[in-house]
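S.K.: Sharing a structure with you now.
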Amino acid sequence: MNAVETAGLGKRYGRTWALRDCALAIPQGRIAALVGPNGAGKTTLLHTVTGLVRPTSGAATVLGGLPAGSLAALDRVAFVAQDAPLYGHLPVADMTRLARNLNDRWDGDGARARLDSLGIPSKAKVGKLSGGQQAQLALTLALARQPDLLVLDEPLARLDPLARHDFMAALMTGVAEEGTSVLFSSHVVSELERVCDYLVVLSRGRVQVAGDVEELLASHRVLTGPASGVADIQARFPVVQASTAITQAHLMIRTTPRDAADSGALTGWDGRAPSLEELVLAYLRDPGASALPGPRQASGGDLTELAS
């Protein structure tokens, strides 16, 4: 069952398409990271998935086929917006009671225990809390709803490094205990590798890359070698991103390690698996690249491109 699924999804504001022809199928139980440059359509996609925005074309469903924004879906989906909308004039205890009264499913004991463990006083005014504490409060209220799908829009944007670490640790703990599916957008690429197991890259309103993190990393290689050999590599493998100096080149190719070794194309090149941050940045730097299946060794020994 898929936690999030879209088909031909598009959203237009006036003459501008924020999303266009987005096709996604994020399996249930995953922690999926949504990344892309400013204006790529990340927030629009999240708002569509949560039912805050009606698509111009196509459709979005959640949790095995429930229409996004339907009553059945709203009871099982929790959303935390980028600005963590909270009532600053209320004490934390009153903010928690308000959230409890607005939701059918509610884990009050878990919420209180979590706030106590974070050292967030129940009598403190929400507006007087630090940015990290406000983010943790918003996450606590979302988790208390016992959602099957948790959607977070830039939850790390206002946090310092220590607060980001604490937030992600709390998120991982909550998700592990409840088995919640998560879709979150983030510009903090370095934080993704230790928490997400599914990746979606948006570019210019379209899905550029989507897939299991382990599979994506296994199907790419970082190469360092002579600049004179770049043309040969480009002729044999799809190159996601290339940086060439006078004598040396740095490339990321789309293939598998076995394909690369069997092809004999890497003589004189040092190759290694990329980090997730390197993979994401390579695609962000080249919006025209897409993670289609790379070349595979055909029975006759020639490299052939598989159709997607």
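The values are calculated or read from the model by the stated rules, or taken from the named source; none is laboratory data. Everything numeric here is computed off the predicted structure, so don't read it as measured data. In this analysis, Cβ positions are derived from the backbone assuming ideal geometry, glycine residues included, and neighbour counts consider all displayed protein chains.
S.K.: Give me a count of the residues in the stretch 107-150 that are more than 22 Å from residue 177 (Cα to Cα) and β-branched (Val, Ile, Thr).
M.R.: 1
S.K.: Taking the stretch 213-247 as the region of interest, how many residues are surrounded by fewer than 17 Cβ atoms within 10 Å (Cβ to Cβ) and touching a Gly at 6+ places or on another chain (Cβ under 7 Å)?
M.R.: 1
S.K.: Sticking with this structure for a sec: Check whether at least one residue in the stretch 28-38 is hydrophobic (A, V, I, L, M, F, W, C), over 18 Å from the mean Cα position of the chain (by Cα) and either modelled with pLDDT under 95 or in the same structural domain as residue 194 (by TED's automatic domain parsing) (or both), and report yes or no. Step through it out loud before you land on a result.
M.R.: Filtering the stretch 28-38 for residues hydrophobic (A, V, I, L, M, F, W, C) gives 31-35.
Then drop every residue that is not over 18 Å from the mean Cα position of the chain (by Cα), which leaves none.
So far as the stretch 28-38 goes, no, none of its residues is hydrophobic (A, V, I, L, M, F, W, C), over 18 Å from the mean Cα position of the chain (by Cα) and either modelled with pLDDT under 95 or in the same structural domain as residue 194 (by TED's automatic domain parsing) (or both).
S.K.: What number of residues in the stretch 119-166 are of a type outside the set (Lys, Arg) and not in a helix (DSSP H, G or I)?
M.R.: Residues that pass the stated criteria total 21.
S.K.: Within the stretch 106-118, take every residue that is modelled with pLDDT of 90 or more and part of a loop (DSSP other than H, G, I, E, B) and give me the one that is nearest to residue 74 (Cα to Cα).
M.R.: It comes out as 106.
S.K.: Scan (1) touching an Asp or Glu at 6+ places or on another chain (Cβ under 9 Å); (2) loosely packed, with under 14 Cβ neighbours inside 10 Å for the single condition residue 58 breaks and write down its number.
M.R.: Residue 58 satisfies every listed condition except (2).
S.K.: Here's something else I'd like to know. What are the pairs, 6+ residues apart or on separate chains, where a residue within the stretch 183-200 that is among the polar types (S, T, N, Q) has its Cβ under 7 Å from a residue that is surrounded by fewer than 17 Cβ atoms within 10 Å (Cβ to Cβ)?
M.R.: So the pair list comes out as 190/277.
S.K.: Okay, moving on. What about residue 85, is it under 20 Å from residue 34 (Cβ atoms) and exposed (fewer than 15 other Cβ atoms within 10 Å of the Cβ)? Break it down into steps so the answer makes sense when it comes.
M.R.: Details: under 20 Å from residue 34 (Cβ atoms): yes; exposed (fewer than 15 other Cβ atoms within 10 Å of the Cβ): yes.
In short, yes.
S.K.: Residues of the stretch 233-245 being at pLDDT below 85 and in contact with a helix residue (DSSP H, G or I) (Cβ under 7 Å, 6 or more places away or on another chain), which ones?
M.R.: 236, 244, 245
S.K.: Taking residue 169 as the residue in question, decide whether it is assigned to a helix (DSSP H, G or I) and without any contact (Cβ under 8 Å) to a residue 24 or more places away in the chain.
M.R.: For residue 169, the condition - assigned to a helix (DSSP H, G or I) and without any contact (Cβ under 8 Å) to a residue 24 or more places away in the chain - is met.
Quick grid of which residues meet (1) among the charged types (D, E, K, R); (2) touching a helix residue (DSSP H, G or I) at 6+ places or on another chain (Cβ under 8 Å):
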position	(1), (2)
132	no, yes
136	no, yes
141	no, yes
156	no, yes
167	no, yes
170	no, yes
177	yes, no
180	no, yes
187	no, no
